[in-house]
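First up is the structure itself, then whatever we jot down about it.
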Amino acid sequence: MTCCSQFFRSSSSTRFTGTDIDISELHNVKIYTYKELRIATSGFSLANKIGQGGFGSVYKGKLRDGCMVAIKVLSAESKQGVQEFLTEIKVISSIEHENLVKLNGCCVEDNHRILVYGYLENNSLAQTLLGSGHSSIKFSWLVRRNICIGVARGLAFLHGEVRPHIIHRDIKASNILLDIDLQPKISDFGLAKLIPPNLTHISTRVAGTAGYVAPEYAIRNQVTRKSDIYSFGVLLLEIVSGRPNTNRRLPVKEQYLLTRAWDLYEEGELKNLVDVFLEGDLNVEEAVKFCKVGLLCTQDSPQLRPSMSTVLKMLIGEKDVNDDNMIKPGMIFEFVDANDLGNKRGKAEMESTCTSLLAGSGNQDDSSSSGTGTSFATMTFTAIYDRTN
């Protein structure tokens, strides 16, 4: 028995809780029945639940043919989830890369809309590297190096090789999944934006995750590939340091990863940012280089950030890292203050405001750039937890 039973062939729309789902543009997408997915997850039992997000849940499942799958169930009450559902199918079903998740198929039956992906045994970076729980994975420097380079390859593919180009808009540790060989796969394309070559940016309401969103995007609502590059820079620093971008259990001056990284850079002590758990298993010079690349990606001026193709060349050693004129990273609360959009509120209050802005950004995410793009509500399945040292 194959993993699915049929394909989208209909030119009509499917009715979903008062919202028309137009499936006419979806081609060669496998269709699963709700019954077989319910059986695969033992009735969507809590024991098989591996993630929870604002628009639904993710379950581990085993199909009758033995295929292990990750089953992403969108909430029936979420109208904005319909568009996110269609976008994720359109984007990920039309492209293929070793560092992108593979969509197996979906289910559109009655009031159910479900995405089915291949199951990745080692979950996300948020849970295994940055999470507070215990993980048996040994994140050696070689493993971390390969993860950084793999994510960079996937993003460079989206930004430069796919036509039209794709801006992911939600690069973060919980959206980087690891297969059995610890190869990284970029996941969750519900927020993805297609940007035609004749445009420099797309204007849209802010969407993403606090701590990873480029400040100029949060303030001006203009998303570019440099927005993804900023997020990647934050992720790169997280992987090298082994800590999330914000950790309020640390002393005040060390709570924010970007601030800490810049301070150490100015002191010529970036090696102190590297995860202490690496101990002797480390190429210090290369780790420091990766930190510098992370800082180049998060510079306050988007124009100064390198392209993803350049970032990839720097990471693999095909291009030197030139940090002679590197400027300080941009951070949301500083950007807001600099543009006089706050009333001299404290840093904590400003960050709270920005977090609230981003938390509410998944609703009604409208595009206003010549009708060329559509943006979609976010669905995040894993949280980043503080890791105590």
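The values are calculated or read from the model by the stated rules, or taken from the named source; none is laboratory data. Not measured: the values here are computed from a predicted model. Cβ coordinates were reconstructed from backbone atoms using ideal geometry, including for glycine residues, and neighbour counts include every protein chain displayed.
General observations
- Verdict on L115 being at pLDDT 85 or above, under 17 Å from D188 (Cα atoms) and part of a loop (DSSP other than H, G, I, E, B): no
- Of the listed requirements (1) modelled with pLDDT of 95 or more; (2) crowded, with 21+ Cβ neighbours inside 10 Å, Y256 misses just one: (1).
- Counting the residues of the stretch 129-149 that are under 19 Å from the mean Cα position of the chain (by Cα) and surrounded by fewer than 21 Cβ atoms within 10 Å (Cβ to Cβ) gives 3.
- Some residue of the stretch 172-187 being at pLDDT below 90 and among the acidic types (D, E): no
- Failed item in (1) closer than 20 Å to D181 by Cβ; (2) at pLDDT 95 or above, with A126 passing the rest: (2)
- Residue list for the stretch 268-322, restricted to those being among the hydroxyl-bearing types (S, T, Y) and not in a helix (DSSP H, G or I): T298, S301, S307
- Enumeration of residues in the stretch 256-268 that are over 22 Å from the mean Cα position of the chain (by Cα) and more than 22 Å from N322 (Cα to Cα): none
- Whichever residue in the stretch 227-251 is over 15 Å from N175 (Cβ atoms) and among the β-branched types (V, I, T) and, among such residues, is surrounded by the fewest Cβ atoms within 10 Å (Cβ to Cβ): T246
- When we screen D323, D300 for residues that are surrounded by fewer than 17 Cβ atoms within 10 Å (Cβ to Cβ), within 26 Å of Y217 (Cα to Cα) and at pLDDT 90 or above, the only hit is D323.
- Across the stretch 97-112, the number of residues qualifying as modelled with pLDDT under 90, assigned to a loop (DSSP other than H, G, I, E, B) and at negative phi comes to 2.
- Listed by first and then second residue, the pairs with beta-carbon distance under 9 Å, at least 6 apart or on different chains, first residue in the stretch 273-292 and more than 18 Å from P329 (Cβ to Cβ), second of a type in the set (F, W, Y) and not in a helix (DSSP H, G or I), are D275/F139; F277/F139; L278/F139.
- Some residue of the stretch 232-240 being part of a helix (DSSP H, G or I), among the β-branched types (V, I, T), more than 22 Å from the chain's Cα centre (by Cα) and assigned by TED's automatic domain parsing to the domain that holds L312: no
- Looking across the stretch 263-273, the residues that are surrounded by fewer than 21 Cβ atoms within 10 Å (Cβ to Cβ) and either in contact with a strand residue (DSSP E or B) (Cβ under 6 Å, 6 or more places away or on another chain) or within 22 Å of I149 (Cβ to Cβ) (or both) come down to Y265, K271.
- Set R145, R113: member being out of contact with any Asp or Glu (no Cβ under 6 Å at 6 or more places or on another chain), touching a residue at least 24 places away in the same chain (Cβ under 8 Å) and not assigned by TED's automatic domain parsing to the domain that holds I50: R145
- Among the residues of the stretch 206-222, those that are under 23 Å from S309 (Cα atoms) and at pLDDT 80 or above comprise Y212, V213, A214, P215, E216, Y217.
- Entry remark, the stretch 58-69: residues being free of Cβ contacts under 8 Å to residues at least 24 places away in the same chain and buried (at least 16 other Cβ atoms within 10 Å of the Cβ) number 1 in total.
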